[in-house]
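Before any comments, here is the structure.
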Amino acid sequence: MHYLAQKIARRLTANSKQVVDEDVVRYGAEVILGAALQIIVFLLVAYLCGLFLEILGILAASAILRRYSGGVHCSTYYGCTFSGLLTYLLLAYLLRYFSGEFSILYFTVTAIFCYSLVYWFAPVDNPSNRINDTVKRKRLKYKSCMVLTSILLLSFVLYGFGYYLYAFSLLLGLLWQSLTLTPGGELYIAAWDRFLQGIEKLIERRKHDAPSA
């Protein structure tokens, strides 16, 4: 991924008529490629598990809201991919137990929880890139609320036309992304980090202790 992003950055900066920082372009390309690969992996595995439609709405709603609300990340790319994949698959599977009889309850609970959590916690910034500008923070919070409102309305419309699965998947995606803004969300990601780091250390230890041929 790093090598490919580096080649793309080198090609773009070489053909640019303006002075462009190659490292900035490389970082942007790496982020875009990484996100695209994650989405492909999520959708492919979901398709193989028979959960493609379920995960599509969850992933779309959470990703769009996350664009403005922010959120915590695992310390490694593979950690984000692995933990995200299992989490989204579990959420997609839970959708099978949603009932149209409780639609009003779902909409009400999701709206109350999401607006409350976004109001109190968004935007969640990156420790390495803090958002210290008060105006920017207010703007991101406002945009988060607008995105939240738009997706809630879309979910309501989809439900009205009988697309219950899509409607509930959007609600679940919003709810999950809002929960990741909380200290509980940070603890959840931190637990995944510790677990995966423990696996990594165990593998390294076994490699080190393995007798040489």
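Where a number appears in this text, it was derived from the coordinates with a stated rule and is not lab data. Just so you know, these numbers come straight off a predicted model, no measurement behind them. Please note: Cβ atoms are built from the backbone with ideal geometry, for glycine as well, and neighbour counts cover all protein chains shown.
I'd like the full set of residues that are under 12 Å from the mean Cα position of the chain (by Cα) and of a type in the set (S, T, N, Q), limited to the range 49-84.
Scanning the range 49-84 gives Ser62, Ser69, Thr81, Ser83.
This table checks each residue for (1) in a loop (DSSP other than H, G, I, E, B); (2) in contact (Cβ under 8 Å) with a residue 12 or more places away in the chain; (3) touching a His at 6+ places or on another chain (Cβ under 8 Å); (4) not aliphatic (A, V, I, L, M).
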| position | (1), (2), (3), (4) |
| --- | --- |
| Lys136 | no, no, no, yes |
| Ile151 | no, yes, no, no |
| Phe156 | no, yes, no, yes |
| Gly162 | yes, no, no, yes |
| Glu204 | no, no, no, yes |
| Lys207 | no, no, no, yes |
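Could you figure out which of (1) free of Cβ contacts under 8 Å to residues at least 12 places away in the same chain; (2) within 21 Å of the chain's Cα centre (by Cα); (3) not in a helix (DSSP H, G or I) isn't true of Tyr188?
Checking Tyr188 against (1) free of Cβ contacts under 8 Å to residues at least 12 places away in the same chain; (2) within 21 Å of the chain's Cα centre (by Cα); (3) not in a helix (DSSP H, G or I), the one that fails is (3).
Could you go through the range 145-167 and let me know if any residue there is within 26 Å of Thr76 (Cα to Cα), out of contact with any Ser or Thr (no Cβ under 6 Å at 6 or more places or on another chain), among the hydrophobic types (A, V, I, L, M, F, W, C) and surrounded by 13 or more Cβ atoms within 10 Å (Cβ to Cβ).
Quick first cut of the range 145-167, residues within 26 Å of Thr76 (Cα to Cα) only: none.
No: the range 145-167 contains no residue that is within 26 Å of Thr76 (Cα to Cα), out of contact with any Ser or Thr (no Cβ under 6 Å at 6 or more places or on another chain), among the hydrophobic types (A, V, I, L, M, F, W, C) and surrounded by 13 or more Cβ atoms within 10 Å (Cβ to Cβ).
Please find, among Leu154, Leu181, the residue that is out of contact with any strand residue (DSSP E or B) (no Cβ under 6 Å at 6 or more places or on another chain) and either within 17 Å of Arg67 (Cβ to Cβ) or of a type outside the set (A, V, I, L, M, F, W, C) (or both). Walk me through it before giving the result.
On the way: Leu181 fails: out of contact with any strand residue (DSSP E or B) (no Cβ under 6 Å at 6 or more places or on another chain).
The unique qualifying residue is Leu154.
Let me spell it out: the conditions are (1) hydroxyl-bearing (Ser, Thr, Tyr); (2) farther than 19 Å from Leu153 by Cβ; (3) out of contact with any helix residue (DSSP H, G or I) (no Cβ under 8 Å at 6 or more places or on another chain), and Thr108 meets all of them except one. Which number is the exception?
Unmet for Thr108, out of (1) hydroxyl-bearing (Ser, Thr, Tyr); (2) farther than 19 Å from Leu153 by Cβ; (3) out of contact with any helix residue (DSSP H, G or I) (no Cβ under 8 Å at 6 or more places or on another chain): (2).
For the range 86-124, give me each residue that is surrounded by 16 or more Cβ atoms within 10 Å (Cβ to Cβ) and not in a helix (DSSP H, G or I).
First pass over the range 86-124, keeping only residues surrounded by 16 or more Cβ atoms within 10 Å (Cβ to Cβ): 87-89, 91-92, 95, 98, 103, 106-107, 110-111, 114-115, 117-118, 121-124.
The answer is Phe98, Ala122, Pro123, Val124.
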